[in-house]
Amino acid sequence: MKFKNLIVYWRTILRVAEITLRHQWNDSFILFAILVQPMLIAILALFMLRGSGENYAMFVVVGSGLTGLWSSLLFISGNSINGERWQGTLESLVAAPIPFEVIIFGKNLANVVQSLLSMSTSYLLAALLFGYTLQMSAPFLFTASVFLSIFAFISFGLIIAPLFIMYRGIQQWQNAMEFPVYILAGFLFPIALLPNWTTPVSYILPPYWAARALHETSTGEGDLQKILLAWGMMLIFSIVDLFISSKLFRKMLYKARVDATLETV
Amino acid sequence: MNIITKNLRLFWQGTVLSYVALFAWFRPVTYAASKILMPLAQIIFFTFLGSYASGGTDVDFYVIGNAIQITAVSGIFGVTMSIGGDRWAGTLPYLFGTPANRMMLFFGRAFMHIIDGAFGVVIALGWGALLFGVDFSHTDFSALGLTIIVTTTSTCGLGLLMGCLSLITANVMFVNNTVYFLLLIFSGANIAIDTLPNWMQAFSKALPLTRGIASARTLIAGGSFADVAPLLVSEIGIGIAYGILGYFLFTWFELHAKRKGTLETV
């Protein structure tokens with residue numbers, strides 16, 4: 001996706017995001033993915049990690065919120081093109097003068113932003129039900145990390161959606177992709193516990209850098225250098241993801257137009 | 001005698017056909033992703049989380065708990081697909097139009113998932129031995145096998161009840177996913193039951209899986225069948241209770257839908 005399209009079509013992106021949000025609030029599976037599942041994972045982790053240090057509650061709040069973000073990206077953003085096909089609106093969107101990836105960017109924006117609710121519900125759960133006093137150690141750095149994470153997740157989602165529609169074989173593994181990223185990205189425990197050979201895999205996952213930035217700024221365990229590294233990696237991955245996604249979208253649309261197989265691409 | 005033969009044939013045909021035709025994951029890749037890799041990833045995730053929480057001292061607790069809990073993938077999701085699938089496929093009117101014995105039809109929907117779920121638990125325990133070194137050298141395997149079958153059956157009992165909900169509501173995947181995650185909390189798979197608040201302990205005791213997981217842990221630690229027999233009797237009792245409740249809901253649904261003409265829209 002061309003970066004300038006984000007600026008030229010910003011109104012379209014916001015309008016698509018708004019419509020997507022309105023539409024998705026009626027979908028019970030989406031409510032499960034962004035609210036119920038992260039909350040239940042937070043309850044589990046709060047019970048399991050009792051006594052793991054004074055910052056563990058904030059660690060769980062952020063980590064369980066991230067599980068909601070990833071599940072939403074995988075199951076909702078991953079199906080953002082397929083969803084249009086199932087509703088019969090894909091042809092109209094492809095024929096519209098707005099670049100197709102701009103529309104999917106807007107849909108992913110809505111998905112990722114609404115998924116942040118998972119972090120808020122986990123926060124309320126830990127504070128109200130479990131009675132923890134949660135204190136953000138670096139709120140401004142945390143807010144900046146949230147914005148960068150949103151961008152990184154959306155960009156990553158722009159790769160997943162065309163891959164899922166072009167290569168059905170990959171989408172069939174969708175159910176198996178949820179927990180591995182929880183593990184490899186270190187959402188709820190450090191990746192240092194994992195075997196060494198998995199570390200490079202973690203490093204190429206944008207959710208890992210998002211988790212690092214959010215954990216370090218919320219619990220105060222990271223210094224500025226580490227936080228800047230995580231921010232830098234998220235930016236680099238976002239740019240790479242946008243570049244790859246532009247190629248994927250071009251291939252998908254070319255294939256659909258040349259083969260006339262938009263409904264079956 | 002003829003009636004018994006007919007009903008047994010109906011049970012078996014309903015069992016096989018509902019599994020083959022209505023179980024949405026019955027394709028090699030989808031099956032491998034949803035029934036083998038997803039459970040493996042879940043076991044690894046909760047085992048590492050638990051290991052992190054306990055300082056690496058209680059790995060077996062989490063591996064065994066999650067391996068047995070995996071039966072809920074078949075018990076809850078699979079059974080629901082096999083019951084609700086008739087509604088989604090538009091074959092519910094034909095099903096309710098037949099004079100077939102409803103009890104055979106209903107309980108037949110769960111049978112293959114009991115076998116499938118038990119197979120899934122065996123695979124999961126195998127992963128536990130291979131990846132986390134769970135020691136089975138003191139295990140009474142016949143008692144463990146019975147525990148797996150009993151626990152899977154009781155979880156399928158809850159699945160039958162959930163499956164009936166799929167005939168009443170369009171939001172059944174929301175309900176099923178919620179129940180699946182609640183089982184992760186309340187069944188004792190990841191949190192020792194006695195560390196939960198009293199009301200949560202009471203809720204745990206009303207669920208399938210709780211006693212099955214406790215039995216499996218006892219047996220793998222070297223306990224005997226006599227040690228776990230009372231737990232297994234309670235476990236199967238709970239499963240039967242949920243199954244019967246589901247059957248009554250199923251018959252009520254048929255009666256209500258026929259009276260009101262709301263077979264596809266309830």
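For segment B:135-157, indicate whether the set of residues that are without any contact (Cβ under 8 Å) to a residue 24 or more places away in the chain, closer than 26 Å to residue B:21 by Cα and out of contact with any His (no Cβ under 7 Å at 6 or more places or on another chain) is non-empty.
The answer is no, given that none of the residues of segment B:135-157 is without any contact (Cβ under 8 Å) to a residue 24 or more places away in the chain, closer than 26 Å to residue B:21 by Cα and out of contact with any His (no Cβ under 7 Å at 6 or more places or on another chain).
If you scan segment A:188-199, which residues turn out to be assigned to a helix (DSSP H, G or I) and either among the charged types (D, E, K, R) or over 19 Å from residue A:62 (Cβ atoms) (or both)?
Result: A:196, A:197, A:198, A:199.
Residue A:146 passes all but one of (1) in a helix (DSSP H, G or I); (2) closer than 30 Å to residue A:48 by Cα; (3) within 14 Å of another protein chain (Cβ to nearest Cβ); which number fails?
(3)
Among the residues in segment B:219-233, are any within 16 Å of the chain's Cα centre (by Cα) and surrounded by fewer than 22 Cβ atoms within 10 Å (Cβ to Cβ)?
yes
In this structure, is residue A:191 surrounded by 18 or more Cβ atoms within 10 Å (Cβ to Cβ), over 24 Å from residue B:35 (Cα atoms), away from chain B (no Cβ under 14 Å) and β-branched (Val, Ile, Thr)?
Taking the combined requirement at face value, the residue does not satisfy it.
Do any helices (runs of 4 or more DSSP H) entirely within segment B:66-185 hold 1 or more residues that are crowded, with 22+ Cβ neighbours inside 10 Å and not aromatic (Phe, Trp, Tyr), and if so, which?
Details: elements: B:79-89, B:92-97, B:102-132, B:141-168.
Helices (runs of 4 or more DSSP H) meeting the threshold: B:79-89, B:102-132, B:141-168.
Which residues, taken from segment A:115-133, are under 23 Å from residue A:71 (Cβ atoms) and either in a loop (DSSP other than H, G, I, E, B) or among the hydroxyl-bearing types (Ser, Thr, Tyr) (or both)?
Correct list: A:115, A:118, A:120, A:121, A:122, A:123, A:130.
Given (1) closer than 18 Å to residue A:106 by Cα; (2) touching a Gly at 6+ places or on another chain (Cβ under 6 Å); (3) surrounded by fewer than 18 Cβ atoms within 10 Å (Cβ to Cβ), identify the lone condition not met by residue A:147.
(2)
I'm checking my understanding of the structure. Among residues of segment A:211-265 that are of a type in the set (D, E, K, R) and modelled with pLDDT of 90 or more, which one is farthest from residue A:150 (Cα to Cα)?
Taking the candidates together, the pick is A:247.
For segment B:11-32, does any single residue satisfy the condition of being within 8 Å of chain A (Cβ to nearest Cβ), more than 30 Å from residue B:134 (Cβ to Cβ) and modelled with pLDDT under 90?
Checking segment B:11-32: at least one residue is within 8 Å of chain A (Cβ to nearest Cβ), more than 30 Å from residue B:134 (Cβ to Cβ) and modelled with pLDDT under 90.
Return the pairs, sorted by first residue and then second, in which the second residue is part of a loop (DSSP other than H, G, I, E, B) and crowded, with 17+ Cβ neighbours inside 10 Å, the first residue lies in segment B:96-122 and is aromatic (Phe, Trp, Tyr), the beta carbons are less than 7 Å apart, and the residues are 6+ apart or on different chains.
B:96/B:263
Results for (1) surrounded by fewer than 24 Cβ atoms within 10 Å (Cβ to Cβ); (2) of a type in the set (Lys, Arg); (3) under 12 Å from the mean Cα position of the chain (by Cα), shown as yes or no for each residue.
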site	(1), (2), (3)
A:117	yes, no, no
A:122	no, no, no
A:127	yes, no, no
A:140	yes, no, no
A:155	no, no, yes
A:172	yes, no, no
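Name the one entry in A:47, A:75 that is of a type outside the set (Val, Ile, Thr), in contact with a helix residue (DSSP H, G or I) (Cβ under 7 Å, 6 or more places away or on another chain) and surrounded by fewer than 24 Cβ atoms within 10 Å (Cβ to Cβ).
After applying the criteria, what remains is A:75.
Yes/no per residue for (1) within 14 Å of chain B (Cβ to nearest Cβ); (2) of a type in the set (A, V, I, L, M); (3) not in a helix (DSSP H, G or I):
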| site | (1), (2), (3) |
| --- | --- |
| A:175 | yes, no, no |
| A:181 | yes, yes, no |
| A:186 | yes, no, yes |
| A:208 | no, no, no |
| A:214 | no, yes, no |
| A:218 | no, no, no |
| A:228 | no, yes, no |
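From the set of residues in segment B:186-199 that are more than 9 Å from every other protein chain (Cβ to nearest Cβ) and surrounded by fewer than 19 Cβ atoms within 10 Å (Cβ to Cβ), which is nearest to residue A:28 (Cα to Cα)?
Ranking the qualifying residues of segment B:186-199, first place goes to B:199.
Residues that are of a type in the set (Val, Ile, Thr): which helices (runs of 4 or more DSSP H) entirely in segment A:22-114 hold 2 or more of them?
A:37-48, A:56-72
Find the residue count for segment B:245-266, including only residues that are under 25 Å from the mean Cα position of the chain (by Cα) and free of Cβ contacts under 8 Å to residues at least 40 places away in the same chain. Full working, then the answer.
Taking segment B:245-266 and keeping what is under 25 Å from the mean Cα position of the chain (by Cα), we get B:245-254.
Keeping just the survivors that are free of Cβ contacts under 8 Å to residues at least 40 places away in the same chain gives B:248, B:252.
Qualifying residue count for the region: 2.
Residue A:234: closer than 21 Å to residue A:139 by Cα, touching a helix residue (DSSP H, G or I) at 6+ places or on another chain (Cβ under 9 Å) and crowded, with 20+ Cβ neighbours inside 10 Å, yes or no?
yes
Residue B:55 passes all but one of (1) farther than 30 Å from residue B:21 by Cα; (2) in contact (Cβ under 8 Å) with a residue 24 or more places away in the chain; (3) within 13 Å of chain A (Cβ to nearest Cβ); which number fails?
(2)
Kindly provide the set of residues from segment A:14-40 that are more than 16 Å from the chain's Cα centre (by Cα) and facing chain B (nearest Cβ under 7 Å), ordered by number.
Answer for segment A:14-40, where residues must be more than 16 Å from the chain's Cα centre (by Cα) and facing chain B (nearest Cβ under 7 Å): A:28, A:29, A:36, A:40.
Of everything in segment A:1-24 that's among the aromatic types (Phe, Trp, Tyr) and touching a residue at least 12 places away in the same chain (Cβ under 8 Å), which residue is farthest from residue B:169 (Cα to Cα)?
It comes out as A:3.
Here are B:40, B:49: which of them is of a type in the set (A, V, I, L, M), within 14 Å of chain A (Cβ to nearest Cβ) and under 19 Å from the mean Cα position of the chain (by Cα)?
Details: B:49 fails: under 19 Å from the mean Cα position of the chain (by Cα).
Testing whether each residue is of a type in the set (A, V, I, L, M), within 14 Å of chain A (Cβ to nearest Cβ) and under 19 Å from the mean Cα position of the chain (by Cα) leaves just B:40.
Looking at segment B:186-224 only, could you name the residues that are outside any loop (DSSP other than H, G, I, E, B), of a type in the set (Gly, Ala, Ser) and within 20 Å of residue A:129 (Cβ to Cβ)?
The answer is B:202, B:204.
The values are calculated or read from the model by the stated rules, or taken from the named source; none is laboratory data. Here the structure is a predicted model, which means the values were calculated and not measured. Note that we place each Cβ from the backbone using ideal geometry, even for glycine, and neighbour counts take in every protein chain shown.
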